[in-house]
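The values are calculated or read from the model by the stated rules, or taken from the named source; none is laboratory data. Because the structure is predicted, anything quoted here is derived from the model rather than measured. Backbone-built Cβ (ideal geometry, glycine too); neighbour counts: all protein chains shown.
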Amino acid sequence: MTHWVPELLAPAGSLEKLKVAVSYGADAVYLGGQKFGLRSAADNFSPTALGQAVDFAHRHNSLVYVVLNSFLHDGELSQLPSFLKLLETLNVDAVIVSDLGVVQTVLDHSNLVVHLSTQASCINSSSARLWGEIGVKRVVLGREVTIADAKRIKKVSGLEIEMFVHGSMCMAYSGNCVISNYTQGRDSNRGGCAHSCRFEYSLSGTKTIQTDEEKKAQKFAHFMSSKDLQGVRQLQEFIDAGIDSLKVEGRMKSHNYAGTISKVYSEALSFYKSNRSFLSEDLYRWEEELKKVSHRDYHSGNLEGAADAQSIFSDRQHGDSSAQACAIVAEVGEGYQLLEVKKAFNLGDTLEFVPFSGRNLEVRVEKISDISGELFERSRPGMLMKMPLLPGVRPLNIVRTWERP
Amino acid sequence: MTSTPLIFCFDQVCDVENFLFVLNKERGQGRKPQVILKTKGFSRNGRMELQECLASAKLLRAQEIECFFQWDILMVESIFLATCEVFKKIDMDLFTGIRVQDPGALHFLKEEGFKGQVHYITDQGNHNLLGLQRWLAFWPQAITRLVLSPEIPSSSIKQIQASLGVEIEVLAAGPILLFYTPRHLVTPLYGNEEEASDHSLVWGTSEESPHKGFPIVENQHGTFMFNTKELFILDEKKAVEELCETSKIFFRVDYALEPLKRESLFEFLKLTRTTFTDQATSKAVWKDFLKGNRSMATTKGFFRTNKTDVLFKKLKSDRLKGEQEHYLGEVVDVKKKKHIGIRLSAIDEILRTGDEIELTSPEGNKRQCLISSMRNAEGQNLEEAREGQIIFIEHVGGISVKTTVCRNV
């Protein structure tokens, strides 16, 4: 007997990342087209790539949601209907929208299912009911909502509920930050966020510092930067609350991120499916795996209660782990595998292969050669490295190594 | 005499008292401005207790001044439920209407059958006409005004004004809110998170931004950061006059961080009632006023134009700009004078010897070439290849890893 678990929804910044996320167990992926989303600098998907993405995902029983979560001005909104036609033709499973004008355009011009983006900051049951009356089928709740409140919102509104389970967090109510607009001339709600909340600020009780005393009282802090969300220990609560979908943030992040997070959460949810519990020794392993992707310090955010001072990340950079993604398995042939090297490693280093399911494999690098058989002491990013085939390794598997002290 | 239709926001009782004093001094010249009252419990930056607010509303009402209750906090479920309970006990007959921002509050008022006017605040996002029309359609009998985003330029405001059958309101003078979080970000730095104050103001500056001195307020609702410059558009004589051609516009004055003192308020009201001869005079007069009465510099914000999307093109590498209609895959290996390796990603696409391809490097360099031969990683010649395969062709100069490969048609 299997038990119900929520959908695992992973980010897909590119077609390759989509394939990685789906192969590692994501039930659904979300991605952006060339316009109307919030990640202007991401690869995003051309119409052709979109079609291929939907085709690949559907063949692997995964769903595809397309983000249309910009706050559009009139000129942009008029361009939307033709894109909606394309999405319908491609059999996209839903669109994620935050602007009411966009919601209405989708409803007027297509039969696409509408999910309300977290950008709309829907954070209470009354708000969810309003959006439901307008025609939204699912609400991606604001990250300020606890799981307990989400349960009530679901019950009262009758809508599907999606919550973030992992990834970077806006410190502000989503959609309520326009720092980039006024300081950089880039609309954060149309894809131009400059991440000003990650800067260090000096804070003072006076507008200008004039005395030594005032200077001494200044505080320097990354006071607006949030720690990253990690909800692997809250999975039971998500299930008990009947949350329909668990979302992972990070369309701009790496293959390693897309694959690792998808694998950990899908493994955990699969374990629950069979055992109706998360009481597994693997819980520690899952948490260790989550540390192997680039991240700020983890925190449970608002999942269990309002985030306090401990949720502030007091640094500028990601707290990278010593594990580094160094390659992706590009091809598997008769007795060999090709690694697409992303980060250099040396002879004698240990590589960790991450299969789509089950335990990781470790292997020492005995030989580094390219496809023509030329030998090297050290690999270089951008080369294809040929090595003997390891059992269970498949194309798109992630390969990691450890940073040397 | 023409007067600019104004609506003033007041956070504290003393501001209301000053306002009434000045109005009496003016002895009823022109149209009376409307007033918004902000309380601690319901408003982002309110500093009045509820009882003080109700008392102020009575005073304003006695002077026949239209007065609106501000409920603009965003609310998670538990806070929403508690706030609704308090709201039900308020005598709303003291007010001309209410102003809400959280869609949950709007839905609640509709369900409760609220009888007064409703101003719906759409100042975060909501930059298109269709969305604004849809908000109105949600409760057309009650929503009498939409409060627009300060990111909408005057030309678009005019179009919106012409298309909507209700009043609209724009921020005309006051601090611009940049950031709103429910988290308390300031008091923890001073070691007293447990004692989050009613209202604490600090100034923030980042070395990574050319802008210095962001006002940051923390109160029971969280932390709010404002722009380093206040918005001021009342000296945009031509645009303001054009917007005033209908009676459906209101200009909001919300000096929350630094309220106007009595003399300043008197002067301010006088200037808004004065017809200036031309744009230059208007600007000069207002410039003198601002210099003498405001400590923060001012900006026009996006009132004249909003081009916050033009930089997006620069954020993207050239490789990512094209539509890539005939995309086949990506270069994953380059060995000078030997080969380039291409990973084929396109589903249902078959690449054959004799096909022509176009390569576009991350820098935007383009090369076209004919596939005269291709082989796999084991060195075997291939006649055709498809998704998932890696193929190797003759080296092409000027091409690096991450080059996109498209069919040249």
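Before moving on, here are some points about what is shown:
- Close pairs from the stretch B:349-363: first within 14 Å of B:GLY329 (Cα to Cα), partner of a type in the set (Lys, Arg) and assigned to a loop (DSSP other than H, G, I, E, B), Cβ under 9 Å, at least 6 apart: B:GLU349/B:ARG386; B:ILE350/B:ARG386; B:LEU351/B:ARG386; B:SER361/B:LYS402; B:PRO362/B:LYS402
- Restricting attention to the stretch A:144-161 and to residues that are under 20 Å from the mean Cα position of the chain (by Cα) and at the interface with chain B (Cβ under 10 Å from one of its Cβ atoms), the residue that is surrounded by the fewest Cβ atoms within 10 Å (Cβ to Cβ) turns out to be A:THR146.
- Note on the stretch A:340-359: among residues that are touching a residue at least 40 places away in the same chain (Cβ under 8 Å) and polar (S, T, N, Q), the one that is farthest from A:ALA268 (Cα to Cα) is A:THR350.
- Subset of the stretch A:318-374 [more than 14 Å from chain B (Cβ to nearest Cβ), touching a Ser or Thr at 6+ places or on another chain (Cβ under 8 Å), farther than 30 Å from A:SER225 by Cβ and part of a loop (DSSP other than H, G, I, E, B)]: A:PHE345, A:ASP349, A:PHE356, A:VAL365
Conditions tested, residue by residue: (1) in contact (Cβ under 8 Å) with a residue 60 or more places away in the chain; (2) among the hydroxyl-bearing types (Ser, Thr, Tyr); (3) surrounded by fewer than 24 Cβ atoms within 10 Å (Cβ to Cβ).
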{"site": "A:PHE36", "(1), (2), (3)": "yes, no, no"}
{"site": "A:LEU63", "(1), (2), (3)": "no, no, yes"}
{"site": "A:LEU72", "(1), (2), (3)": "yes, no, no"}
{"site": "A:LEU84", "(1), (2), (3)": "no, no, yes"}
{"site": "A:GLY101", "(1), (2), (3)": "no, no, no"}
{"site": "A:HIS109", "(1), (2), (3)": "no, no, yes"}
{"site": "A:GLY135", "(1), (2), (3)": "no, no, yes"}
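- Yes/no for B:LEU265 being aliphatic (A, V, I, L, M) and in a strand (DSSP E or B): no
- Candidates B:VAL396, B:VAL331, filtered to the one that is under 44 Å from the mean Cα position of the chain (by Cα), in contact (Cβ under 8 Å) with a residue 12 or more places away in the chain and within 26 Å of A:SER369 (Cβ to Cβ): B:VAL331
- The criterion of being more than 20 Å from the chain's Cα centre (by Cα), surrounded by 13 or more Cβ atoms within 10 Å (Cβ to Cβ) and of a type in the set (Gly, Ala, Ser) holds for A:SER369.
- Scope the stretch A:261-305; condition part of a helix (DSSP H, G or I), surrounded by fewer than 19 Cβ atoms within 10 Å (Cβ to Cβ) and basic (Lys, Arg); matching residues: A:LYS273, A:ARG285
- Residue list for the stretch A:334-343, restricted to those being surrounded by fewer than 18 Cβ atoms within 10 Å (Cβ to Cβ) and under 28 Å from the mean Cα position of the chain (by Cα): A:LYS343
- Residue in the stretch A:47-68 that is modelled with pLDDT of 95 or more, touching a Ser or Thr at 6+ places or on another chain (Cβ under 6 Å) and part of a helix (DSSP H, G or I) present: no
- Residue that is in contact (Cβ under 8 Å) with a residue 60 or more places away in the chain and not hydroxyl-bearing (Ser, Thr, Tyr), where the choices are B:VAL240, B:VAL186: B:VAL240
Yes or no, residue by residue, for (1) in a loop (DSSP other than H, G, I, E, B); (2) surrounded by 18 or more Cβ atoms within 10 Å (Cβ to Cβ):
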| position | (1), (2) |
| --- | --- |
| B:LYS32 | yes, no |
| B:LYS38 | no, yes |
| B:SER56 | no, yes |
| B:LEU60 | no, yes |
| B:ILE65 | yes, yes |
| B:THR83 | no, yes |
| B:ILE98 | no, yes |
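- Failed item, numbered, when A:ILE161 is tested on (1) closer than 26 Å to A:VAL106 by Cα; (2) out of contact with any helix residue (DSSP H, G or I) (no Cβ under 8 Å at 6 or more places or on another chain): (2)
- Qualifying residue in the stretch B:337-355 (condition: part of a loop (DSSP other than H, G, I, E, B), under 44 Å from the mean Cα position of the chain (by Cα) and more than 10 Å from chain A (Cβ to nearest Cβ)): no
- Candidate set from the stretch A:74-110 (those that are assigned to a strand (DSSP E or B) and away from every other protein chain (no Cβ under 14 Å)); member that is farthest from A:PHE36 (Cα to Cα): A:ALA94
- Cross-chain or 6+ apart pairs with Cβ under 7 Å, the stretch B:61-86 first and within 14 Å of B:GLY104 (Cα to Cα), then part of a helix (DSSP H, G or I) and β-branched (Val, Ile, Thr): B:MET75/B:THR83; B:GLU77/A:ILE153
- Evaluated against (1) assigned to a helix (DSSP H, G or I); (2) within 7 Å of chain B (Cβ to nearest Cβ), A:PHE71 falls short on exactly one condition, (1).
- The numbered conditions (1) small (Gly, Ala, Ser); (2) outside any loop (DSSP other than H, G, I, E, B); (3) in contact with a strand residue (DSSP E or B) (Cβ under 6 Å, 6 or more places away or on another chain) are all true for B:GLY301 except (2).
- When the stretch A:162-185 is limited to residues that are at positive phi and in contact (Cβ under 8 Å) with a residue 12 or more places away in the chain, the one that is farthest from the other protein chains (Cβ to nearest Cβ) turns out to be A:GLY167.
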